[in-house]
1. Could you list, in sequence order, the residues of the stretch 19-53 that are hydrophobic (A, V, I, L, M, F, W, C) and touching a residue at least 24 places away in the same chain (Cβ under 8 Å)?
2. Looking at this structure, is residue 30 more than 13 Å from the chain's Cα centre (by Cα) and at pLDDT 95 or above?
Amino acid sequence: MSDRLTTTMKVQRARLDLTQAELAERAGVTRKSVNAIEAGSMVPSTILALKLARVLGVTVEELFALAGEDERAPD
């Protein structure tokens with residue numbers, strides 16, 4: 001199974017009127033990392049996901065999800 005991570009990070013950034021550089025500075029990462037996560041080419045570590053969620057004022061579950069997660073039947 002090849003799950004893909006989706007993110008609402010760009011939407012959450014826009015809600016707070018933050019640039020990628022501003023979010024990166026607040027989360028302690030590079031702008032390139034923020035860009036790569038938003039583009040789907042990088043999966044953040046658990047620690048980074050928690051930091052990004054904290055800075056954006058949302059839960060990790062609001063910020064990240066597995067693609068197709070809503071379509072799966074509950075266990």
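The values are calculated or read from the model by the stated rules, or taken from the named source; none is laboratory data. Just so it is clear, the model here is predicted, and its values are computed rather than measured. A quick note on method: Cβ atoms are made from the backbone with ideal geometry, for glycine too, and the neighbour counts reach across all protein chains shown.
1. Passing the criteria: 23, 27, 34, 37, 43, 52.
2. Yes: the conditions hold for residue 30.
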